[in-house]
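First the structure, in the form of structure tokens, and then the observations on it.
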Amino acid sequence: MGKKAKSAAHEWMTALIVAASLMIVIRVFLFAPYQVHGESMYPTFEGEELLIVNKWIYDVREPEYGDIVVFHTAEKRDYIKRVIGKPGDKISIKNGEVFRNGEPLSEPYINQERIRRGMPETVVPPDHLFVLGDNRNHSQDSRQIGAVSMGEVVGRADVQLMPIHQFQLLFSQNP
């Protein structure tokens, strides 16, 4: 192998190592793919969508109402739900409506079916979030599993990649 060929091979190896290192850093610390399963977030997601989750956003700012978050559960599964309550908020469900701090929420993104069961007022503990699926009658969320610790939050869903004809940026729909 000539000197030029060795130099080109070395440049290619360096480029591949740098690219692989960047991919690992991005995947581990910044962004991760997530596939939606089930109908709990219908009509926002129908199931089987591929999303990009921003893993670092909550290192630089607090979650906002309406953020769609992915989090770990005790069942060793990841769930995807919408932020309804932050620490100190009082959440309740009465007559098919969600209330935060005594005020009914305007939620244009939910399945229009009325919530079948009420929920007595609960206060979101410090360093926790109260999350609900958009398909309220078909979602396992904070009503069953309790408030979600910020330590279990993977990140915020920022981009819907697939199916390609439904590509979209997912911005907070503040309820």
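None of the figures in this text is laboratory data; all of them are computed from the coordinates on show. The shown structure was predicted, so the numbers you read here are calculated from the model rather than taken from an experiment.
General observations
- Derived value for the stretch 33-169: Kirkwood hydrodynamic radius 15.1 Å. Basis is the mean of 1/r over every pair of different alpha-carbon atoms.
- Pairwise centroid distance, computed over Cα atoms, of the stretch 83-101 with the stretch 40-79, Å: 19
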